[in-house]
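I have placed the structure first, in the form of structure tokens, so that the comments after it can refer back to it.
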Amino acid sequence: MKRLCSLLLFCIAGTVILWGQEISFKYGKITNDELTMKVYQKDTTAEAVVLYDDGYSYYVYTPENGFVLQTEFKQKIKILKPEGVDRANIDIPYYYGEGSDRDYINGLEAVSYNLEDGKVVKTKLEKKYIFDEAFSETTKRIKFSIPNVKAGSVIEFKYTLVSRYVTDVPEWYFQSDIPVMNSKFGINILEYFNFNIRTKGYEHIAVSQKDESGQLRVGAGEMLAVSSKIMTYTATDVPALKDEDNVWCMNEYKSAVVFELRGTQYPYEMYKSYTSTWKDIIEMLEKQNYFSSNNRMSNPFKDETALLINGVTDEQEKISKIYCFIKNKIKWNDVYSFYGGNPRTAAKEGVGNNAQINFVLMSALRDADIKCYPVLISRRSKGRFPLTNPSINKISTFIVAAELKDGKMIYMDGSSNHGGLNILPTDLLVDKGIVYDPKNSGKTVDLTNLTKNQFISRVVATLEKDGKLKGERTSNYINQFAYTYRASIAGKDSVKIVDAIQNNTQTKIESIKIEGRTSNDGMVKETLAFTKDVEASGDYIYLNPMVFTHLDENPFTQSERKLPVEFNFPYMYRLNCIIMIPEGYAIEEVPKGVRVSLLENGGKCTYAVNVSDRTINLGYIFDMTQILYPFTDYEAIKNYFGLVATKNSEMIVLKKI
């Protein structure tokens, strides 16, 4: 084959003119236009722009090692503003297994270019400033900072990733959080490899294919005829995809090309399918000693947990006691893991990742005759599981599911520092988890709606003649609200907590009492006494009957949106306010009550103000029942939240009589 093991040449050699600027796609060649560029015309707000981004994957075969997959990476970036200097900090992850079972990073180079006194100053990265560090139990990363980078610099770097995992072609992202002028990915696919290839995202990706044929040396003097196809994917002037609120994982929506291996058929061998089901993956994990053995470990706290639940007959109470005990014995080290490492080491040292804690937790639950399973998930921040071709590489961690004798499931995780049964960190509340049960393989669970999450608040206050509102607010934070509240005040003393409330509500807090701050149940109760200045003008007082608003403003202000809308969890927000008004004032204007719904079943909001003698009574309920919406629902969501935010800001008008 003409170029079986060679790099794909750039489809455009030398330079091109883009938007009146000469841009080079050849590594090491810098143009005057690149150095003098002050702004990217298609996005004048950009702090930096990718001038070109190029990748090429191809297979190399040696009789000694078989096939390896090599991927060449090259990138050139223009730094436009001081805020863009961080683009010179590069982080390259790679798989690091045992022995030869690992990836390699070869041929790393990096350089910066600056125009100083009319001359091009080139600064190379020295090897002593390249660092290699462990990132997880199976991943390392190369880290470096390209030197002499400032606003106006052009930086570029290149390297080759060599992997024995020939089935795992890296995903290629054409889109970033800064604009990309030109991005190209090519792959030379030998006839032995059969891929599902799909593109994703909202930007146009051009695709071309070229067929080639040649020979492959498989032994001393032995050659095989082999054919291949070179696929090339290009995108130009790709706009930045910046972080947006209410999106779980931005990478899911970046324009990209994804390769999923269907199967292989090497010379003289039968076809081998790589199309996996979750049943296949569970069977694979059962054969992998480092997962299955941890899942079957014996309880390292056998005597202590037996004493803990002695005389306890209620299953849920047993689970709660054991769960709290294990979390107290082993503190989470802020690391999420899947394989976990050695759980016994964590039990001995009293600290570990969430997988280690979960393995120990399951051993203790099984010792108490509680049936339990790992639930395999991809955390929200890591993106959802593939729809068509399940992959073990997409599993980022697992949580624990305990099954009661009546079939009810209870979910837990070792990272849940501020919650209890069925109360998990938001990153773990995914819409699809896979129950690891070899007898019932492939069962899925939805973790987004495990509990009834409520915020219930009652305000009783008196409006003084001097325009001050004095009263007490009692609030119950229930389930996920309790978790969020505990996390927000963790490590803070009362002064800092009060300061935060005062800054957020423009209210003077006279006293505060918090119950359930450190417990593991689903309830926190907060009671605070407050004083608040009320707007007054002449004979008029303007009073917001909500006192403490739910939505100060509409969070959805874009005219349009390309991405779906994803909320944290379903919830109910309920507020009741009773306000006594002073003598000598009459109520002149009261906000109208409303009852509004979000689409058909998304949620509803009711707002009502009643006046009796000198008492104002406000009732407000915001009920969010659906949390995942396609972008086509954006206009309805925007209008709904806009209406709710407007009601939150409406005033009662009082006039002096």
task = Can you tell me the FRET efficiency between D280 and N194 if r is taken as the Cβ-Cβ distance and R0 is 22 Å, rounded to the nearest 0.05?
result = 0.85
query = Taking Cα centroids, how far is region 400-438 from region 442-513 in Å?
reply = 26
key: Cα centroid separation - region 616-657 against region 556-603, whole Å   = 3
request  = At 7 Å along the Cα-to-beta-carbon direction for both N393 and S519, put a label point, then send me their distance in nm to one decimal.
outcome  = 4.7
note = When V207, V400, V238 are ranked with the fewest other C-beta atoms within 10 Å first, the list becomes V207, V400, V238
task = Specify which labelled value, from (i) 1.05; (ii) 1.16; (iii) 1.11, agrees with Cα Rg over 2.2 N^0.38 Å derived from the coordinates of the model shown.
result = (ii)
key: Table column - 3J(HN,Hα) (Hz), region 76-89, Karplus curve with 6.51, -1.76, 1.60, x for Gly and Pro   = 10, 10, 9, 8, 9, 9, x, 5, x, 4, 4, 5, 7, 8
ask   = Over the chain, what is the mean sequence separation of C-alpha contacts under 8 Å (at least six apart), divided by residue count, expressed as relative contact order in percent?
value = 8
Nonlocal amide H pairs with V121, under 5 Å, H built at 1.01 Å = N114, L115, E116
Rounded to 10°, Cα long-axis angle of helix 494-505 versus longest principal axis of the chain = 90
remark   = Under 5 Å from the placed amide H of R102, counting only residues 5+ away or on other chains, we find G97, R164
task = Multiply the residue separation of T632 and S511 by 0.36 nm, subtract the distance between their alpha-carbon atoms, and state the gained length in nm to one decimal.
result = 38.9 nm
request  = Net charge near N440: determine it from the other residues with C-beta under 12 Å of the C-beta of N440, scoring Lys and Arg +1 and Asp and Glu -1.
outcome  = +2
request  = Count the net charge of all other residues whose Cβ sits under 14 Å from the Cβ of Q558, scoring Lys and Arg as +1 and Asp and Glu as -1.
outcome  = -3
key: Gyration tensor verdict on region 555-646 (Cα atoms; rounded if a/c is under 1.5, prolate if a/b is larger than b/c, oblate otherwise)   = prolate
query = Considering the dipole of region 278-445 built from charges on the beta carbon (Lys and Arg +1, Asp and Glu -1) around the Cα centre, which of N294, G341, I281 is farthest to its positive end?
reply = I281
query = Between their Cα atoms, which of K321/K492; K42/K78; K158/K210; K318/K525; K127/K158 are more than 21 Å away from each other?
reply = K321/K492; K158/K210; K318/K525
request  = Give, as ranges by residue number, the residues of region 296-330 whose backbone N falls under 14 Å from the point 7 Å along Cα→Cβ of D369.
outcome  = 306, 309-316, 318-319
request  = In whole Hz, with x marking every Gly and Pro, tabulate ³J(HN,Hα) for region 238-253 from phi via Karplus 6.51 cos²θ - 1.76 cosθ + 1.60, θ = phi - 60°.
outcome  = 7, x, 5, 10, 8, 4, 10, 5, 6, 10, 5, 9, 5, 4, 4, 10
note = Under the Karplus relation with 6.51, -1.76 and 1.60 and θ = phi - 60°, whole-Hz ³J(HN,Hα) for region 144-151, x at Gly and Pro, equal 7, 10, 5, x, 6, 10, 8, 4
ask   = Relative contact order of region 454-656: what whole-number percent is it, with Cα pairs under 8 angstrom and at least 6 residues apart?
value = 25
Relative contact order of region 15-273, pairs being alpha-carbon contacts under 8 Å that are 6 or more residues apart, as % = 20
remark   = Taking every other residue with Cβ under 14 Å from the Cβ of K127 and scoring Lys and Arg +1, Asp and Glu -1, one gets 0
message = Between region 144-164 and region 277-313, what is the separation of their alpha carbon centroids in Å?
response = 45
ask   = If the label point is 7 Å along Cα→Cβ of N440, which residues in region 367-398 have backbone nitrogen under 18 Å from it?
value = 369-377
remark   = Taking Cα atoms, the helix 480-489 axis meets the longest principal axis of the chain at an angle in degrees (rounded to 10) of 90
note = Interchain or sequence-distant (5+) residues whose placed amide H lies within less than 5 Å of the amide H of S176 are L241
Rounded tilt (10° steps) of 354-367 against the dominant C-alpha axis of the chain = 70
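Read the figures in this text as sums done on the coordinates, not as results from a lab. What you see is a predicted model; the values in this text were computed from it and never measured. Heads up, the Cβs are rebuilt from the backbone with ideal geometry, glycines too, and the neighbour counts pull from every protein chain shown.
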